[in-house]
Structure formats: C-alpha cells, structure tokens
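Presented below is the structure to which this report refers.
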Amino acid sequence: MDIPRIFNVTESAHRIHNPLTPEKLATLGAALRLEPGTRVLDLGSGSGEMLCTWARNYGIRGTGIDMSQLFTEQAKRRAGELGVTDLVEFIHKDAAGCVADEKVSVAACVGATWIGGGVAGTIELLTKSLCTGGIILIGEPYWLKLPEAEDIAKECHAGSISDFLLLPELLVSFGNLGYDVVEMVLADQDSWDRYEAAKWLTMRRWLETNPDDDFAKEVRSELTSAPERYTRYTREYLGWGVFALMSR
Ligand code: SAH
C-alpha cells in the first residue's frame, strides 16, 4: 500500500507537502493558541512537520496517519531530530474512515481531502474524532480567479473548474455545512514557489542518480514541462489555505 510513486520522487526532499512555508505553519500554530497537552489528529500527515514543530513549540500531543511509507519514515525521523518522539506518533496506513480511539481537540486534514471523498466528507470524518468545542483544520485549494476554460483547470491539476471555489464561496460553503471559520492562513505566490519549484531540483538530482530507472522517462517529462505549466497556470489561478472551523 502506497501513494503513486511520482509523489515519493518529486516530494522526497520536502518537509512540508503543501504551499505553506515553515513560517506560515508556525503562524497557524500560534493562531490556534494551542495549549500544552492538546491532542491533535492529522490525516494525511506527510512528513510530519506540522505535528513535530507544534509538539516542539507548544507541547501538543499528535497522531499522524499517512499512506506514504517514505513520508511516514521521514516523519518519525523528524520527531527524533526535534526531540518529540514521546509526544507524536506516525502510522503508515490509509486514513479513509480513520477515527481516533481517544477524542482530540484539533482534527486536521491539510491538503488531502480526497481521504473523506471531498471537503464535506472529510469534515464529517474528522468530526467523529473531535471533542465538543474542538477545531477542525482543512487545507484546501481555491481559485484566485476563475479559469476562463476547462483546460486551464486541468493544467492546474483540477479535474474541472467545479472542483474548487473562489475564496469567499469556499468560506460560505463551510458556513453552509454548519461551521464558523475561526482562523485561516493562506499560501501566497512565494510559498507556492517553495512547494512547486523545490520539486524541480529534486527531480533533476533524482534523474542524475537514477538514469536507467523505469520511471526516468516520466520524471524527465515532468521536469521538462512543470516550470512553464506551473508559472502559466497554478501560480496565477490557484490559491491554497488552511481553514480552522468550529461547529456552530
Ligand atoms: N499534510 C501534509 C501532507 C499533504 S500532501 C503536509 O501538509 O505536509 C498529501 C498527503 O496525503 C501525502 O503525504 C500522501 O501520502 C497522503 N495520502 C494520500 N492519500 C492518503 C490516504 N488515503 N490515507 C492517508 N494518507 C494519504
């Protein structure tokens, strides 16, 4: 069981697998006013940077679940580096349907809402692990401006224009599901660059080390096309943010 190999190659050097910088992740932690001992569940926890740094900075206790074996190993190593192995645990498994044994004060899914079949389904799933009065964190893309045509949406790796909303509409949709939006931290073009442009050097180095790998053709094609596609489309059209929600 694992995620498609392309992500394990292109994002192997990423600590944060979304368009937030370490500074923005710290801003989010501070914005949530986390108390020591706060329990956090993170579905699709990637390489564990959010839980590990929040454990170090705020003393939270965290459980992260992720389907990438590589990222889960990196998360465990990161917990060791930051000296928080007694506060966080990382489990390699499919997070679909995953509910915590002990309820948490913060339940997160940051950039992996397909786990619950979309935003609404993921909120419903996270709610099953949440204490009364707890906070749900959803990391999700939105349109900075609506694509003029469906093929622009596809170049942004969206299935169609209707996959995402404009920011105000996304916030309205949280309200329609019965949630107050109580905080948010948004990506910007510089933080998007840290996520996307960092893949290019990783791919280039991987190609130099693995020229005869079966996968080299696919990685070469991605490295050749990604810089233009990203700057023409995703960087111009797609926003991304983490939204903190509390049930009304
Ligand atoms: N929240 C992390 C990772 C976001 S990228 C961060 O912000 O850094 C999306 C993550 O979801 C990847 O780590 C991927 O391995 C994981 N993933 C994809 N499908 C999954 C599933 N069904 N169950 C658990 N994790 C999944």
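The values are calculated or read from the model by the stated rules, or taken from the named source; none is laboratory data. This structure is a prediction, so every number in the text was calculated from the model and none was measured. Positions of Cβ are generated from backbone atoms using ideal geometry, with glycine treated the same way; all protein chains shown enter the neighbour counts. Side chains included, ligands, DNA and RNA excluded: accessible areas come from the protein's heavy atoms. Shrake-Rupley method; radii C 1.70, N 1.55, O 1.52, S 1.80 Å.
Summary table
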quantity	calculated
Near pairs, Cβ below 7 angstrom, 6+ apart or cross-chain, from segment 38-57 (near the ligand (Cβ under 7 Å from one of its atoms)) to any residue that is of a type in the set (D, E) and open to solvent by less than 10 Å² (accessible area, probe 1.4 Å)	M50/D42
A31 being touching a residue at least 60 places away in the same chain (Cβ under 8 Å), farther than 19 Å from E89 by Cβ and out of contact with any Leu (no Cβ under 7 Å at 6 or more places or on another chain)	yes
In segment 4-40, the residues that are assigned to a loop (DSSP other than H, G, I, E, B), open to solvent by less than 40 Å² (accessible area, probe 1.4 Å) and among the aliphatic types (A, V, I, L, M)	I16, L20, L32, L34
Every residue from segment 56-67 that is open to solvent by less than 50 Å² (accessible area, probe 1.4 Å) and over 20 Å from L126 (Cα atoms)	G59
Residue check for S129: in contact with a strand residue (DSSP E or B) (Cβ under 7 Å, 6 or more places away or on another chain) and either open to solvent by 20 Å² or more (accessible area, probe 1.4 Å) or small (G, A, S) (or both)	yes
Listing of helices (runs of 4 or more DSSP H) fully contained in segment 148-220 that carry 2 or more residues being of a type outside the set (D, E) and in contact with a strand residue (DSSP E or B) (Cβ under 9 Å, 6 or more places away or on another chain)	167-176, 189-209
